[in-house]
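Trainee: Encoded as structure tokens, here's the structure I'll be asking about.
The values are calculated or read from the model by the stated rules, or taken from the named source; none is laboratory data. It should be emphasised that the depicted structure is a prediction, and the values quoted were computed from it without experimental measurement. When we count neighbours, we look across all protein chains shown, and the Cβ atoms used for this are built from the backbone with ideal geometry, even at glycine. To get the accessible areas, we keep the full protein, side chains included, count just its heavy atoms, and leave off ligands, DNA and RNA. Shrake-Rupley method; radii C 1.70, N 1.55, O 1.52, S 1.80 Å.
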Amino acid sequence: MPTWTIKAEPVIGAAVDEVMREYFTEMGRRVLGRAGTEAELQAVLVEDPHHVLSPPDGEFLVARGDGGEFLGCAGLRLLRGAPETAELKRMFVRPAGRGAGLGRGLLLAVEQSARRLGAARIVCETNTQLTEARALYTRHGYEETGPYEGHGKADHWYVKVLN
């Protein structure tokens with residue numbers, strides 16, 4: 001059974017950029033039904049950059065395997081105008097890390113980080129095609145809600161009150 005560690009890391013650097021490309025490539029393939037173009041990737045990164053997943057109002061968590069390989073990630077940020085609300089962003093598990101509970105591990109780690117940042121609730125959004133994400137959120141107490149802070153391009157929005 002694969003093992004991993006999850007800890008906060010800087011959301012900058014070539015390794016993170018490579019994983020963000022993988023993330024957006026897979027999201028394009030699954031949600032759009034095709035690979036995204038370079039121009040589309042750049043537009044997404046400008047519109048919704050991942051650098052906001054840094055302290056003091058955010059955090060980027062990385063799951064690494066026993067050999068230090070990058071298996072997955074998840075970020076969070078406090079929402080502007082609603083600092084008691086954290087948003088889950090960029091949750092992604094590489095194929096080598098799938099099927100062993102790493103998604104659950106990342107989700108629980110993000111919730112702990114959100115509490116440390118002072119959030120009372122966490123929100124996230126996803127698309128219909130991402131059935132694994134939707135099932136994970138529901139299984140861990142997330143309930144469907146309406147769109148929040150400009151995320152009108154998704155199909156499903158979730159919220160969970162943090163204990």
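Trainee: Take 113, 54 and sort them by solvent-accessible surface of the protein heavy atoms, 1.4 Å probe, largest at the top.
Mentor: Numbers: 113 5, 54 40 Å².
My answer, sorted largest first, is 54, 113.
Trainee: Quick one: Cα centre-to-centre distance for region 125-163 and region 69-99, in angstrom?
Mentor: Cα centroid of region 125-163 versus Cα centroid of region 69-99: 13 Å apart.
Trainee: Averaged over every viewing direction, what's the projected area of the C-alpha convex hull for region 52-147? Give it in nm², one decimal, please. Provide the component values of the computation, followed by the final result.
Mentor: Numbers: hull surface 26.1 nm².
With every direction weighted equally, the projected area is 6.5 nm².
Trainee: Leaving ligands, DNA and RNA out of it, rank 77, 115, 104 by accessible area with a 1.4 Å probe, largest first.
Mentor: On the way: 77 35, 115 95, 104 125 Å².
Ranked list, largest accessible area first: 104, 115, 77.
Trainee: Next question. Provide, as a two-decimal number, the C-alpha radius of gyration of region 113-163 over 2.2 N^0.38 Å, N being how many residues it has.
Mentor: Values: Rg = 11.2 Å, N = 51, 2.2 N^0.38 = 9.8 Å.
Rounded to two decimals, the normalised Rg is 1.14.
Trainee: Taking Rh as the Kirkwood radius, which is the inverse of the mean 1/r over Cα pairs, what is the Rg/Rh value for the chain?
Mentor: Values: Rg = 14.9 Å, Rh = 16.0 Å.
Result: Rg/Rh = 0.93.
Trainee: Using only the heavy atoms of the protein chains and a 1.4 Å probe, how would 160, 153, 89, 7 rank by accessible area, largest first?
Mentor: Values: 160 40, 153 160, 89 10, 7 120 Å².
Output order, biggest surface exposure first: 153, 7, 160, 89.
Trainee: Hey, got the dipole for region 114-159? About the Cα centre, +1 on K and R Cβ, -1 on D and E Cβ, debye to the nearest 20?
Mentor: 260 debye
Trainee: What part of the accessible area of region 60-153, given as a whole %, is carbon or sulfur when the probe is 1.4 angstrom?
Mentor: On the way: 2110 of 4260 Å².
Whole-percent figure for carbon plus sulfur exposure: 49.
Trainee: Next up: State to the nearest 20 debye the size of the charge dipole of the chain about its Cα centre, where the only charges are +1 on K and R beta carbons and -1 on D and E beta carbons.
Mentor: Working: 20 positive and 22 negative charges, 83 e Å.
Computed charge dipole of the chain: roughly 400 debye.
Trainee: Right, something else. How much solvent-accessible surface does residue 6 expose, in Å² to the nearest 10, with a 1.4 Å probe and all protein chains in place?
Mentor: 50 Å²
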